[in-house]
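Okay, structure first, notes after.
We did not get these values from a lab; they are worked out from the coordinates using the rules stated. Given the structure is predicted, the values throughout are model-derived calculations rather than measurements. As a convention, Cβ positions derive from the backbone with ideal geometry for all residues, glycine included, and neighbour counts pool all protein chains shown.
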Amino acid sequence: MTYLDFVETMKEEVGRSLNDTADVEVVTVNKNNGIKKTGLTIRGRDKNIAPTIYLESLYESFLDGTSETSLCNQIISLYLEHDIQSPDLSQISDYSQMKKRLACRVVAKESNAEMLKDLPYKDFMDLALIFEIELMDSEVEGGSIVVRNEFLDMWQITKEELIHDGIENAPLVRPAVLYSMDHFLPPNMRLEDIVKEDSEYQFDPHHLPLLADQARVVKAKMEACPWEQLCRMMVLSNNTARFGAAALAYPGVLSTIAGVFESDFYILPSSVQEVILLPDVERCDIEELKYMIHEVNRTEVRPEEKLSDSLYYYDRKDNKLVRV
């Protein structure tokens, strides 16, 4: 059975199990970098939003012998969990309410050129900053609605107003987090596990003072093992571990970190989820860093999570972020 056949089978199984209390549809969604993914949307009859559930991992379980009934139950559990947590978006046309949910993500401009035609965005070097409405509280694994051009007319605001409000509000919805590279992805642990399970990385909306505290912790770790190259690197993301590379655009984040380290730094775009910062405290081989970025993107990063093949540099004196 192919993946698409599996999705169709699960659509029928889930529809029967829910006894027509929800509409189940197969959808293909355009993701980052032009990648298309197919999954199921399940919309309750009285709901104004519907989660899209991607089934790749369940398909692998099916190929390993898990029964269709068991997999159907897992899909329904995901749907019910989302249904309980889903906010009321009946006020989606009320910008004063949606403004409080604005967040942002950063994507590659060239590989998302087609998508960007329909979205209000801000140029950010060779990247683009796009905006979205966060559907869940930050600590809840959930979805978001990308802000499209037509939303501006609905809200009766300008693109410039959206950009200003989105950049200002994003740190409140998804605060920045910083930790040392040697804490990044221990065996059998995902990035979101680190962020959620370690209270060291929990932030309130007044995130810059706490971000400075985290930078001091990371700096102390680096100074404790200066001979380890891994210790010289640090990871910048957000408290949801989703689209955390956008923290690069948060006001004051880079200057706060650079102030603690008293150093400029190189920025390696690890993925749309996070970036790696490398203090410029000794001579770095720029070509080696560029090669590292290219190879990691080619061999380790999923296509839909790739951010960029570029190397970036932050100059703390000029408070300027540039592409190298």
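Give the peptides 277-290, 166-179, 304-317 in descending order of average Cβ contacts within 10 Å, highest first. Could the numbers behind the result be given before it?
Values: 277-290: 14.1, 166-179: 22.4, 304-317: 18.5.
Taking the mean over residues of other Cβ atoms within 10 Å, the ranking is 166-179, 304-317, 277-290.
Can you tell me what percent of all Cα-Cα pairs in the range 1-67 are more than 14 Å apart? Kindly include the intermediate steps, with their values, before the conclusion.
Numbers: 1340 of 2211 pairs.
Pairs farther apart than 14 Å: 61 percent.
Can you tell me the order of 232-238, 104-110, 297-303, 5-11 when each peptide is scored by its average per-residue count of other Cβ atoms within 10 angstrom, highest first? Write out the running numbers ahead of the final one.
Values: 232-238: 24.7, 104-110: 21.4, 297-303: 12.7, 5-11: 17.6.
The packing order, highest mean first, is 232-238, 104-110, 5-11, 297-303.
Starting from the 7 Å offset along Cα-to-Cβ, what nm value, one decimal, do you get for the label separation of L152 and D94?
The answer from the label model is 2.5 nm.
Could you give me the ³J(HN,Hα) list for the range 104-120, computed from phi with Karplus coefficients 6.51, -1.76, 1.60 and θ = phi - 60°, whole Hz, x at Gly and Pro?
Once θ is set to phi - 60°, the couplings for the range 104-120 become 9, 9, 10, 9, 5, 6, 5, 6, 10, 4, 5, 4, 5, 4, 9, 10, x Hz.
Under 26 Å between alpha carbons, and skipping anything fewer than 8 positions from K11 in its own chain: which lysines qualify?
By straight Cα distance, K11 reaches K31, K36, K37, K47.
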